[in-house]
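Notes for the one structure printed next.
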Amino acid sequence: MNIMLFGAPGAGKGTQAKYIIEKYGIPQISTGDILRAAVKEGTPMGLEAKACMEAGKLVSDEIIIGIIKDRLAKDDCKKGFILDGFPRTIAQAEALEALMKEMNIKLDKVISLNVPDELIVGRVVGRRVCKDCGASFHVEFNPPKVEGVCDFCGGELVQRKDDSAETVGKRLNEYHAQTAPLFDFYMERGILADIDGTKEIDEITKEIFNILG
């Protein structure tokens, strides 16, 4: 089962990814995580990415796609995967589609979490993320069982530097300009499921599980 989670920053993709992982036993593929891993491992694509970052340049779509190709080829993706945070543009979506065709795989479902901007800001500012496993919590809406401690792995929960109101506003503007058009892109392909992301977390999870079967 190959899934993509789609929605604005703070829509709840990270939270729902953890429940999908628990139920289906498939890995979450976050571009930030696999980029860091490729650099650390010193893979050919990782070295190219490192050179870009050290030169103060953005990592190109071509390099990102190459790193995703390496990641999707690993054994733990044979049963499926969850794409989180990629693609972010139509060009990336088209490149991903071409890559998957080349690898003889396809996206089964794109889960869109729909949340108004005004709610996003409150969600993101109160978000806390596990330093070890990346699980997301919220001080008000989804608090951990023990304050400051991850429910899943016991790691320390921290607030990310870019989870400020000002930064969130900029990221939302970028999302609406570049990423939101992907909604129609995947709707046209008949694989998008639009979910009201303002519901309770367990209701959203139940709806996702019903969609995935």
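The values are calculated or read from the model by the stated rules, or taken from the named source; none is laboratory data. Keep in mind it's a predicted model, so treat the numbers as computed, not measured. Neighbour counts run over all protein chains shown; Cβ positions are idealised from the backbone, glycine included.
Consider Phe137 against the criteria (1) crowded, with 18+ Cβ neighbours inside 10 Å; (2) of a type outside the set (A, V, I, L, M); (3) modelled with pLDDT under 90: it satisfies all of them except one. Which criterion is unmet?
(3)
If you check Ala51, Ala8, Ala37, which single one turns out to be of a type in the set (A, V, I, L, M) and either within 29 Å of Asp202 (Cβ to Cβ) or touching a strand residue (DSSP E or B) at 6+ places or on another chain (Cβ under 6 Å) (or both)?
Ala8
Would you check if there is a residue in segment 40-58 being closer than 26 Å to Leu113 by Cα and among the acidic types (Asp, Glu)?
No - not one qualifying residue is present in segment 40-58.
So which helices (runs of 4 or more DSSP H) are wholly in segment 85-184 and hold at least 1 residues that are of a type in the set (S, T, N, Q), under 26 Å from Ala73 (Cα atoms) and in contact (Cβ under 8 Å) with a residue 24 or more places away in the chain? Full working, then the answer.
Working: elements: 90-103, 117-125, 165-174.
Hits in segment 85-184: 90-103.
Given the structure, is Ala55 under 27 Å from Gly169 (Cα atoms) and either among the aliphatic types (A, V, I, L, M) or in contact with a Phe, Trp or Tyr (Cβ under 8 Å, 6 or more places away or on another chain) (or both)?
When the stated conditions are applied, Ala55 does not pass them.
Between Asp117, Asp151, Asp108, Asp184, which is of a type in the set (Asp, Glu) and farther than 30 Å from Gly213 by Cβ? Lay out the reasoning, then the answer.
On the way: Asp151 fails: farther than 30 Å from Gly213 by Cβ; Asp108 fails: farther than 30 Å from Gly213 by Cβ; Asp184 fails: farther than 30 Å from Gly213 by Cβ.
Result: Asp117 is the single residue among Asp117, Asp151, Asp108, Asp184 that is of a type in the set (Asp, Glu) and farther than 30 Å from Gly213 by Cβ.
Restricting attention to segment 49-80, which residues are modelled with pLDDT under 85 and not in a loop (DSSP other than H, G, I, E, B)?
Correct list: Ala49, Cys52, Met53, Glu54.
What tally of residues in segment 169-185 results from selecting those that are aromatic (Phe, Trp, Tyr) and farther than 17 Å from Lys13 by Cα?
1
Within segment 11-39, track down each residue that is buried (at least 17 other Cβ atoms within 10 Å of the Cβ) and small (Gly, Ala, Ser).
Ala11, Gly12, Gly14, Ala17, Ser30, Ala38
Could you tell me which of the residues Ile201, Ile191 is under 19 Å from the mean Cα position of the chain (by Cα) and modelled with pLDDT of 95 or more?
Ile191
Only one residue in Ser136, Ser164 is over 14 Å from Ala8 (Cα atoms), among the hydroxyl-bearing types (Ser, Thr, Tyr) and in contact with a Lys or Arg (Cβ under 8 Å, 6 or more places away or on another chain). Which one?
Result: Ser136 is the single residue among Ser136, Ser164 that is over 14 Å from Ala8 (Cα atoms), among the hydroxyl-bearing types (Ser, Thr, Tyr) and in contact with a Lys or Arg (Cβ under 8 Å, 6 or more places away or on another chain).
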